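The values are calculated or read from the model by the stated rules, or taken from the named source; none is laboratory data. In this text, all values refer to a predicted model and were calculated from it rather than measured experimentally. Here the Cβ is made from the backbone with ideal geometry for all residues, glycine too, and neighbour counts use every protein chain on show.
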Amino acid sequence: MLSRVAERVYWAARYLERAEDSARLIDVQSQLLLDLPASTGIAWPHIVGIVGVGDAKLTRGRAAERDTLKLLLTDDRCASSISATIAMARENFRTTRDIVPTEAWQCVNELHIFARSQLRWAVGKRRRHEILSEIVARVQGVRGLLADTMSHGPAYQFFCVGTNLERADMCTRIIDVAVASLLQDPERLERFENTLWMSTLKSVSGYQMYRQYVRRRMRGADVLAFLFQDADFPRSIRHCLWQIEQCMARLPNGAALTKRLDTLVQTVTELTVGELDNAALHAEVDRFQVALADLNQQMSDTWFSPQN
């Protein structure tokens, strides 16, 4: 297949995953702020940091929530807004319609139309949960449709790599920006510890699965171990890296990247997250984020660059 087609399928997957993750994050944050007093210091800038637009200049005070939500939901100038990521996913699907099933293209196009017409209403509280839940469901529908109707050849493998790489990156961002920032003042937040860890798990749709496998009182160390190392949960860092490794093993010229991924999986597996203090946790997350960025660059050099 053409390198430009492979790259567009890969980025279509990343943009779809980013839109889903952002929608879930905003929905969970909305619920969390209803449960916590303002004195905890938990606010919308946490989400801005997670999605990678931490340098945005936002209004303070009562207008901060509305301005932040406009930025994250409908601002097409912000590459990480839900509206922009869905539009970019649609464009990548549009230019690869001969590769992906027609039904998938139609679903993505309908998702784009829905986002354009409805996301502005999610800035207000009344319909926010309804609209964001619909975004998540539609993205998951596209992914399920591709899994069931698209041949699992190279194009589908690139789609899976893009999905899991974006998913792993988002998980590290949640741990670094959200969780690590909450750990900076444990005494002040001790009363709300259960609520905060629950919200962190819900941000990756992991709360129910966590409760099935970890049956004791919720602790930060257990949540971090689950998000980093659980072999079976599809959104844990370890599982995402393993999935990428399996996909790359089926692609031509992927031996070097597969070996690198095997090392990363081993590193995550052996990580003793329960023994890390805040600074060490931040350093480990930074290391993984750099490794994921390097992996993206190596993929570009191996499969997407014109000279290859």
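Checked against the criterion of being out of contact with any helix residue (DSSP H, G or I) (no Cβ under 7 Å at 6 or more places or on another chain) and touching a residue at least 24 places away in the same chain (Cβ under 8 Å), the candidates MET248, MET209 yield just one match: MET209. Being at pLDDT 90 or above, assigned to a helix (DSSP H, G or I) and acidic (Asp, Glu) is a property that holds for GLU103. Closer than 30 Å to SER133 by Cα and hydroxyl-bearing (Ser, Thr, Tyr) - does that describe any residue in segment 261-282? There is no residue in segment 261-282 that is closer than 30 Å to SER133 by Cα and hydroxyl-bearing (Ser, Thr, Tyr).
One line per residue, one yes/no per condition, for (1) part of a helix (DSSP H, G or I); (2) under 18 Å from ALA122 (Cβ atoms); (3) touching a Gly at 6+ places or on another chain (Cβ under 7 Å); (4) at pLDDT below 80:
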position	(1), (2), (3), (4)
ALA13	yes, no, yes, no
GLU20	yes, yes, no, no
LEU25	yes, yes, no, no
SER30	yes, yes, no, no
ILE42	no, no, no, yes
VAL48	yes, yes, yes, no
ARG62	yes, no, no, yes
GLU65	yes, yes, no, no
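For ILE113, indicate whether it is farther than 14 Å from TYR15 by Cβ and among the aliphatic types (A, V, I, L, M). In short, yes. Cβ-Cβ contacts under 6 Å between residues 6 or more apart (or on different chains), taken from a first residue in segment 124-149 that is of a type in the set (Lys, Arg) to a second residue that is surrounded by 17 or more Cβ atoms within 10 Å (Cβ to Cβ), are listed as ARG128/SER30; ARG128/ALA122; ARG138/LEU111. Out of VAL265, VAL204, one residue alone is closer than 23 Å to ILE42 by Cβ and among the aliphatic types (A, V, I, L, M). It is VAL204.
Checking every residue in segment 173-182 against the condition of being at pLDDT 85 or above, surrounded by 19 or more Cβ atoms within 10 Å (Cβ to Cβ), touching a Lys or Arg at 6+ places or on another chain (Cβ under 9 Å) and within 28 Å of SER80 (Cβ to Cβ) gives zero matches. Inspect all residues belonging to segment 72-82 and state whether any of them is under 30 Å from GLY153 (Cα atoms) and either modelled with pLDDT of 95 or more or buried (at least 21 other Cβ atoms within 10 Å of the Cβ) (or both). Taking every residue of segment 72-82 in turn, at least one turns out to be under 30 Å from GLY153 (Cα atoms) and either modelled with pLDDT of 95 or more or buried (at least 21 other Cβ atoms within 10 Å of the Cβ) (or both).
For segment 286-301, a residue qualifies if it is among the hydrophobic types (A, V, I, L, M, F, W, C) and under 18 Å from the mean Cα position of the chain (by Cα), and the qualifying residues are PHE288, VAL290, ALA291, LEU292, ALA293, LEU295. Under the condition of being surrounded by fewer than 21 Cβ atoms within 10 Å (Cβ to Cβ), of a type outside the set (S, T, N, Q) and within 28 Å of ARG116 (Cβ to Cβ), the residues counted in segment 135-155 number 10. Being within 16 Å of THR163 (Cα to Cα), of a type outside the set (D, E, K, R) and either part of a helix (DSSP H, G or I) or in contact with a strand residue (DSSP E or B) (Cβ under 8 Å, 6 or more places away or on another chain) (or both) is a property that LEU295 has.
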